[in-house]
Each structure stands twice: as structure tokens, then as C-alpha cells.
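We did not get these values from a lab; they are worked out from the coordinates using the rules stated. Predicted model, so just to flag it, every value in this text is computed and none were measured. With ideal geometry, Cβ positions are generated from the backbone for all residues, glycine too; neighbour counts draw on all protein chains shown.
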Ligand SMILES: [Zn+2]
């Protein structure tokens with residue numbers, strides 16, 4: 001199985017309004033945990049860099065202040081709290 005470390009860039013979070021609202025998508029302490037954007041390749045990894053299995057990525061639609069909507073796919077490691085995300 002491939003290691004996520006092969007794919008991670010340095011910290012790469014979504015816009016702050018998304019991180020701030022991510023608790024609505026079930027992310028625990030979204031503003032205190034590191035976010036990592038996954039590349040196309042890394043989407044198929046299921047093991048966090050800490051070694052714990054990652055929950056299935058889930059797609060969420062965020063509605064912004066101007067009523068536009070953006071989709072994010074998010075998974076959070078239950079052990080270390082790292083948040084992995086992509087935009088479809
Ligand atoms: Zn982890």
C-alpha cells in the first residue's frame with residue numbers, strides 16, 4: 001500500500017471560511033488541526049501518515065455568504081486529527 005507521505009505537500013488548507021465551517025461537516029476542531037490537500041493519486045490512500053486507517057472520504061457542499069456553493073471532499077483521521085481534503 002502506498003504511503004500518504006509520498007504525496008503530501010506542506011500544509012495546504014482550504015480557504016479560512018471553509019475551515020471555520022467544517023465542524024458542520026463533522027470535522028473535530030477544524031481550526032486547530034492540520035489540513036492536507038490530497039492530489040488525485042493520493043485520494044486512493046486509506047492510511048493516514050500516523051498509520052491509522054482513514055474513514056471514507058465524504059463529499060460536503062458548503063454554502064458561502066453570497067449563496068454560492070462549493071463542494072469539498074473531506075476525511076479526518078480519528079487518531080491524530082489531521083484533515084484530508086480535495087475539491088472535486
Ligand atoms: Zn492520523
* Under a point spin-label approximation (7 Å from Cα along Cα-to-Cβ), what is the residue 73-residue 57 distance to one decimal in nm? -> 0.3 nm
* To do: Give me the percent of Cα-Cα pairs in segment 23-88 that sit more than 13 Å apart, rounded to a whole number.
  => 62 percent
* Asked: Which peptide among 22-33, 74-85, 55-66 comes first, and what is the full order, when sorted by highest mean count of other Cβ atoms within 10 Å?
  -> 74-85, 22-33, 55-66
* **Label-to-label distance, nm, for residues given as residue 16 and residue 87 (7 Å Cα→Cβ offset)** => 1.8 nm
